[in-house]
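For reference, the structure is listed below as structure tokens.
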Amino acid sequence: MSLSPVTALPLRLLAALAGLALGPALAEPLRVGTARLEPVEGTALPGFPGPDPQAALDAFRRICAAPPVPVAPQVTGSAADLAASCARAATLPASEAADFFATRFSAYRVIQPGPEGAPERRRGFLTGYFEPELEGSAEAAPGFATPVLARPDDLVSFAPGETRPGLDPALRAARAGETGFAPYPDRAAIEDGALGARAQPLLYLRDPVDLFVLQVQGSGRVRLTDGRAVRVLYDGRNGRPYTSVAKLIVREGHLPLEGLTLARWTGWLRAHPETGRRLMRANEAYIFFKLAPVEDATLGPPGAAGVALSPGRSLAVDANLWRYGLPFWLEGNVAGESGPGRLVVAADTGSAIVGPARGDLYLGTGAQAGIRAGDLRDAVGFVVLLPKPAAAEPAPATP
């Protein structure tokens with residue numbers, strides 16, 4: 001049977017001409033990177049939004065109150081819709097936190113393609129990080145000889161997606177000179193004096209392993225010999241790729257993967273200083289810092305979103321894919337706690353956090369938080385909560 005000219009028109013064009021919206025079955029699925037987002041009702045998420053949604057609301061409000069930071073243009077999450085959710089959260093009673101996350105956002109499970117011929121992957125990978133607490137000295141002294149360096153004045157950091165002509169697009173920073181830009185020296189070159197007079201120490205730690213831990217975590221608290229406590233905050237990196245030293249230790253057969261904790265591999269580095277130095281220098285990435293007071297001992301350092309991290313609630317995500325401030329429901333047991341899941345908020349990023357279902361959960365300050373972070377290597381489901389358009393926001397109840 002032949003079709004008339006009208007019925008032969010593409011279905012989408014017909015819908016547009018009629019001013020009709022296509023049904024969900026005909027709409028293209030939302031995608032983030034190689035993953036697709038599968039709509040899911042909040043009632044289909046066992047235990048959602050968890051026993052303490054007020055803690056997630058507090059973390060969300062802190063991001064809402066902070067000035068916006070530059071983000072990659074392709075990130076998922078509407079800035080306008082998120083701002084509308086922030087406005088609603090600002091005056092929300094804490095007792096309504098659960099209803100806020102259940103009604104003001106649409107839930108989508110992140111589904112990743114499996115290897116060729118294999119089923120889709122419905123779980124991602126969650127690790128943990130923490131704020132180390134270290135001993136230090138304001139001046140070089142016996143037992144304190146490892147400098148923590150301030151950001152050099154010739155370091156130029158690139159915004160997400162930004163590159164420079166003639167440089168490897170994978171580099172995230174460069175060295176500015178009179179004739180243009182050049183790759184910034186790597187870790188080994190910096191340790192060998194490549195920065196010259198630009199290497200300005202902020203304070204001194206006990207050994208290179210302490211510095212390495214500080215750089216891997218991105219920030220820390222340091223208790224100085226004079227009794228003061230200061231916060232050492234991330235202030236830029238040399239843009240070189242990050243290599244996991246723990247993986248190198250396992251690959252070379254020095255320690256087994258099973259039972260490999262932060263305490264164990266850092267202890268091995270200290271017990272084998274020559275080999276340890278070689279392996280640490282294989283990580284080309286180098287972090288520079290700045291000092292700040294410890295204003296609230298219950299919160300962590302500022303994350304990439306510019307706000308203090310909330311222990312157990314702040315999630316580092318791939319900043320090329322997700323907008324800071326988006327809530328996530330992590331399905332499964334998280335950080336050794338039995339339960340159906342945990343509600344967290346995207347507030348930070350990291351060079352090793354790559355992909356739509358990859359996260360790093362901030363767990364707090366000090367040795368115990370470090371143990372929990374080192375033990376956290378869990379397969380969990382990632383459900384992102386995307387803010388509904390402002391026009392779809394439920395009207396507040398009339399008193």
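Structural remarks
- Beta carbons closer than 6 Å, at least 6 apart along the sequence or on distinct chains, pair a first residue in the range 323-338 that is touching a residue at least 60 places away in the same chain (Cβ under 8 Å) with a second that is of a type in the set (D, E, K, R) for LEU330/ARG342; VAL334/ARG342; ALA335/ARG372.
- Checked against (1) assigned to a loop (DSSP other than H, G, I, E, B); (2) surrounded by 11 or more Cβ atoms within 10 Å (Cβ to Cβ); (3) among the small types (Gly, Ala, Ser), GLY128 passes all but a single condition, namely (1).
- Some residue of the range 41-56 being part of a loop (DSSP other than H, G, I, E, B), more than 30 Å from VAL334 (Cα to Cα) and at pLDDT below 90: no
- Count - residues of the range 372-398 that are modelled with pLDDT of 90 or more and not in a strand (DSSP E or B): 5
- ARG281 being in contact with a helix residue (DSSP H, G or I) (Cβ under 6 Å, 6 or more places away or on another chain), within 20 Å of TYR234 (Cβ to Cβ) and touching a residue at least 60 places away in the same chain (Cβ under 8 Å): no
- Test: residue in the range 177-184 that is in contact (Cβ under 8 Å) with a residue 12 or more places away in the chain, crowded, with 18+ Cβ neighbours inside 10 Å, of a type in the set (Phe, Trp, Tyr) and under 30 Å from GLY364 (Cβ atoms): no
- Residue in the range 187-206 that is of a type in the set (Lys, Arg), crowded, with 19+ Cβ neighbours inside 10 Å, within 28 Å of TRP265 (Cα to Cα) and touching a strand residue (DSSP E or B) at 6+ places or on another chain (Cβ under 8 Å) present: no
- Flag if ALA102 is within 18 Å of the chain's Cα centre (by Cα), surrounded by 12 or more Cβ atoms within 10 Å (Cβ to Cβ), farther than 24 Å from VAL232 by Cα and not hydroxyl-bearing (Ser, Thr, Tyr): no
- Residue count for the range 55-95, restricted to those that are exposed (fewer than 14 other Cβ atoms within 10 Å of the Cβ) and either touching a strand residue (DSSP E or B) at 6+ places or on another chain (Cβ under 6 Å) or farther than 24 Å from GLY161 by Cβ (or both): 7
- Conditions (1) over 19 Å from the mean Cα position of the chain (by Cα); (2) not in a strand (DSSP E or B): number failed by LEU149: (2)
- Hits in the range 231-240 (condition: in a strand (DSSP E or B) and either within 19 Å of the chain's Cα centre (by Cα) or at positive phi (or both)): VAL232, LEU233, TYR234, ASP235, GLY236, ARG237
- Filter result (in contact with a strand residue (DSSP E or B) (Cβ under 7 Å, 6 or more places away or on another chain), crowded, with 21+ Cβ neighbours inside 10 Å and small (Gly, Ala, Ser)) within the range 346-380: ALA346, ALA347, GLY350, ALA357, GLY359, ALA369, GLY370, ALA373
- Candidate set: the range 247-264, residues that are among the hydrophobic types (A, V, I, L, M, F, W, C) and modelled with pLDDT under 95; chosen: the one nearest to the chain's Cα centre (by Cα): LEU262
The values are calculated or read from the model by the stated rules, or taken from the named source; none is laboratory data. Computed from a predicted structure; not experimentally measured. All Cβ positions, even for glycine, are placed from backbone atoms using ideal geometry, and neighbour counts span all protein chains on display.
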